[in-house]
Amino acid sequence: MGAGHLHPLSVPGPSPLHALRPHTKVVATLLFVFAVVSTPREAFWAYGAHAGILAALAGLGHVQARILAPRLVLEAPFLTFALLLPFLARGERVEVLGLLHLSSDGLWAAWNILAKGTLGLTASLLLVATTPTVDLLRGLERLRVPPVFTSIASFMLRYVEVIAAELRRMQVARVSRGHDPRWIWQARAIASTVGAVFVRTFERGERVHLAMVSRGYTGSMPPTGARPAAAAEWAAVLLVPLSAAVVSVAAWSTIG
């Protein structure tokens, strides 16, 4: 994958969100998530307000709901756990629909996970959708993230497509030879494929590292020269988490 290519989750610009400096968007996203997490679970209206902020940002960044919705499947394991809480949690039971007796604490915990998890994941997806991978890495460098982390992330993103393509070729080769395992007792071929890919990936990593060292690599990538953001841009970006923080404070005051 070339350094300038968009990753599969990116949405092509231009838009006001695409034009912002990546490190400002990273900071704003983190602060927004903190504001959402600090919102009391009893204030339903506050979560509607947070969702409205995200909807406005999605419109500003030209990120359509049909693009975001399939990506929210990433939280499916957490949602499964949340849906089990009303049945498994202890404490006072409440009758629901005249059929089920569920834990009151479990229902609140499930709502808490569902609301905050969905909003946090949506904010992260908006960040990824409007920021190319290389810009995200530059933004993290600008925020003084240790170079070893950004270097590892860069290499991982560059070679994940190479490994995926290798897996596809091996699957085609296996199927063309008449073996297409579909059941658990046929897993030996898949295990062999994974093992072969691991060995090839390790060997490729050694070759790449040797080539980089021979070209003067010393353990960190050259600086990318990410430009600082102007005060006006910081003010505009931080307006989003500030609005979310206002909503959170207002929510606490209403339930207090």
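The values are calculated or read from the model by the stated rules, or taken from the named source; none is laboratory data. If you're wondering where the values come from, they're calculated on a predicted model, not measured in any experiment. So basically every Cβ, Gly included, is an ideal-geometry build from the backbone, and we count neighbours across all protein chains shown.
Worth pointing out:
- All of (1) in the same structural domain as ASP135 (by TED's automatic domain parsing); (2) surrounded by 15 or more Cβ atoms within 10 Å (Cβ to Cβ); (3) not charged (D, E, K, R) hold for LEU97 with one exception: (2).
- Matching residues in the stretch 18-62 - criterion: being in contact with a Phe, Trp or Tyr (Cβ under 7 Å, 6 or more places away or on another chain) and farther than 24 Å from ASP105 by Cβ: THR24
- Within the stretch 49-73, considering residues that are buried (at least 17 other Cβ atoms within 10 Å of the Cβ) and aliphatic (A, V, I, L, M), the one farthest from THR122 (Cα to Cα): ALA49
- Test: residue in the stretch 222-231 that is modelled with pLDDT of 75 or more, within 22 Å of THR130 (Cβ to Cβ) and in a helix (DSSP H, G or I): yes
- Filtered residue count, the stretch 84-105, keeping only those that are within 18 Å of GLU42 (Cβ to Cβ), touching a strand residue (DSSP E or B) at 6+ places or on another chain (Cβ under 9 Å) and of a type in the set (Asp, Glu): 1
- PRO86 being in contact with a Ser or Thr (Cβ under 8 Å, 6 or more places away or on another chain) and either assigned to a helix (DSSP H, G or I) or under 22 Å from TRP234 (Cβ atoms) (or both): yes
- Just one of (1) in the same structural domain as HIS50 (by TED's automatic domain parsing); (2) over 26 Å from ALA49 (Cβ atoms); (3) of a type outside the set (Phe, Trp, Tyr) fails for LEU157. It is (1).
- Output for the stretch 89-117, where each listed residue is closer than 28 Å to PHE34 by Cα and among the aliphatic types (A, V, I, L, M): ALA89, LEU107, ALA109, ALA110, ILE113, LEU114, ALA115
- The criterion of being out of contact with any His (no Cβ under 8 Å at 6 or more places or on another chain), within 25 Å of ALA109 (Cβ to Cβ) and either part of a helix (DSSP H, G or I) or among the basic types (Lys, Arg) (or both) holds for VAL73.
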